[in-house]
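The structure under discussion appears below in the form of structure tokens.
The values are calculated or read from the model by the stated rules, or taken from the named source; none is laboratory data. On a predicted model such as this, the values are computed, not experimentally measured, just so you know. Note that each Cβ is placed from the backbone with ideal geometry, even for glycine, and that neighbours are counted across all protein chains shown.
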């Protein structure tokens, strides 16, 4: 739907000119020569932006501005005048105007001003909607997001949860893989049972077997009592093995046997114990590549990868970042006793434009910091971390005037491929998918580039390294 701009000027020819300019920019422009009629229209049908002349006979632009903001405080108003004095500009801003323009006005300048005002209005409306929508804390197992990428995730969760199929969740660090696992559990027939989670990368290899399978008393030096493992503890519910790609090969073989037999043998025991737990695993690694390089067992891979759920990084989730930010604000504000907090439009804009390499975890950290520093009932740009405030999107191509900087199309392709891999944290399989290339084709090109650049280093290549 086109955004609606209401033009108020007692000169009909000026109304017609502005309407024509804005319609060329894709807006729905309506106009009136009567400020009183403008107030009546806004009361009947809200608009997105108001453009008003300053010097009008029936009511001047400053009074109109004040009266509009008295009833519709979220509508941005652009004041236009032929009097290009600083006093007029200050008066307009004090009355609550969003911007101030002097006649004659170029169509591009008017279009840019209205575009900024419309974006300000959109962000204000979105933040207000999210504040109302996320007023109640999300319960455990709820995946926050409305983007098409997260709708696909939610659809997969709903379809696989009622079954007993093993689920492999793949995604970058910090994307919320455990939350997806909890959502699978919460939507399954096992929801009344326990949800038991362990991070395989956080447990030393020599202790992982004991954690998973348990041990008998006296099985090793510190085994002073018998302990049941997590497989048995999760019986009737779900066992979540996070970062399964970090599990040692020897342990992978033992895990495969347990999954095949549906029973475990605690360390130091001659007795096997049955268990009834559904397995959900997660990893940030490309396990197919690890299988090819013999870093992960192929038979175990097919055992755990019955259904795969890819959790998208936050930068690919569009407006979900604001929804999540509002959720975290509500949670941390309640915890700190600060009441309801919302995002200012400027802060929301910075949050939307930031890359969020650390994904949901980084956003959560940023919102916790913002709540701790907030002095008003709105989170401002100053409350955000330095990296978010100062972020500017990288450009991999130079806008150079020096002919020496002009490069071939092949070199542009090389730089772009390395840039995509860097953005995706070194995940070449994901990069191939986004680039529209077969994975083997991408590998062949990388081998060619590496062979051609043995004697010179690229900052992009150095950032990628050997990660998969």
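A single entry from 156, 179 fulfils the requirement of being touching a residue at least 12 places away in the same chain (Cβ under 8 Å) and in the same structural domain as residue 280 (by TED's automatic domain parsing): 179. Checking region 84-99 against the condition returns no match, with no residue being crowded, with 17+ Cβ neighbours inside 10 Å, farther than 25 Å from residue 345 by Cα, without any contact (Cβ under 8 Å) to a residue 60 or more places away in the chain and touching a helix residue (DSSP H, G or I) at 6+ places or on another chain (Cβ under 7 Å). The set of residues in region 331-342 being surrounded by 14 or more Cβ atoms within 10 Å (Cβ to Cβ), part of a helix (DSSP H, G or I) and touching a helix residue (DSSP H, G or I) at 6+ places or on another chain (Cβ under 8 Å) consists of 332, 333. Every test in (1) in the same structural domain as residue 365 (by TED's automatic domain parsing); (2) farther than 30 Å from residue 389 by Cβ is passed by residue 337 save one, and that test is (2).
State yes or no: is residue 260 modelled with pLDDT of 90 or more and more than 30 Å from residue 438 (Cα to Cα)? Yes: the conditions hold for residue 260.
Rundown of residues vs (1) touching a strand residue (DSSP E or B) at 6+ places or on another chain (Cβ under 6 Å); (2) farther than 23 Å from residue 252 by Cα, yes/no style:
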residue	(1), (2)
147	no, yes
156	yes, yes
160	yes, yes
163	no, yes
177	yes, no
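For region 365-468, the helices (runs of 4 or more DSSP H) that sit wholly inside it and include 1 or more residues that are at pLDDT 75 or above and surrounded by 15 or more Cβ atoms within 10 Å (Cβ to Cβ) are 386-389, 409-423, 428-435, 439-452. Considering only region 256-266, I want to know if a residue exists there that is in a strand (DSSP E or B), assigned by TED's automatic domain parsing to the domain that holds residue 215 and over 26 Å from residue 174 (Cα atoms). Checked region 256-266: at least one residue is in a strand (DSSP E or B), assigned by TED's automatic domain parsing to the domain that holds residue 215 and over 26 Å from residue 174 (Cα atoms).
The numbered conditions (1) in contact with a helix residue (DSSP H, G or I) (Cβ under 6 Å, 6 or more places away or on another chain); (2) loosely packed, with under 15 Cβ neighbours inside 10 Å; (3) closer than 21 Å to residue 37 by Cβ are all true for residue 107 except (3).
Entry remark, region 134-166: residues being under 17 Å from residue 379 (Cβ atoms) and either at pLDDT 90 or above or exposed (fewer than 14 other Cβ atoms within 10 Å of the Cβ) (or both) number 1 in total. Put simply, of 219, 223, 201 the only residue that is assigned to a loop (DSSP other than H, G, I, E, B), touching a strand residue (DSSP E or B) at 6+ places or on another chain (Cβ under 9 Å), at pLDDT 90 or above and more than 26 Å from residue 163 (Cα to Cα) is 201. Take the conditions (1) farther than 20 Å from residue 391 by Cβ; (2) touching a helix residue (DSSP H, G or I) at 6+ places or on another chain (Cβ under 6 Å); (3) surrounded by fewer than 21 Cβ atoms within 10 Å (Cβ to Cβ); residue 309 misses just one of them, which is (3).
For the criterion of being under 17 Å from residue 204 (Cα atoms) and modelled with pLDDT of 95 or more, residue 279 fails. Scan region 1-17 for residues that are within 39 Å of the chain's Cα centre (by Cα) and within 17 Å of residue 101 (Cβ to Cβ) and jot them down. 5, 6, 7, listed by residue number.
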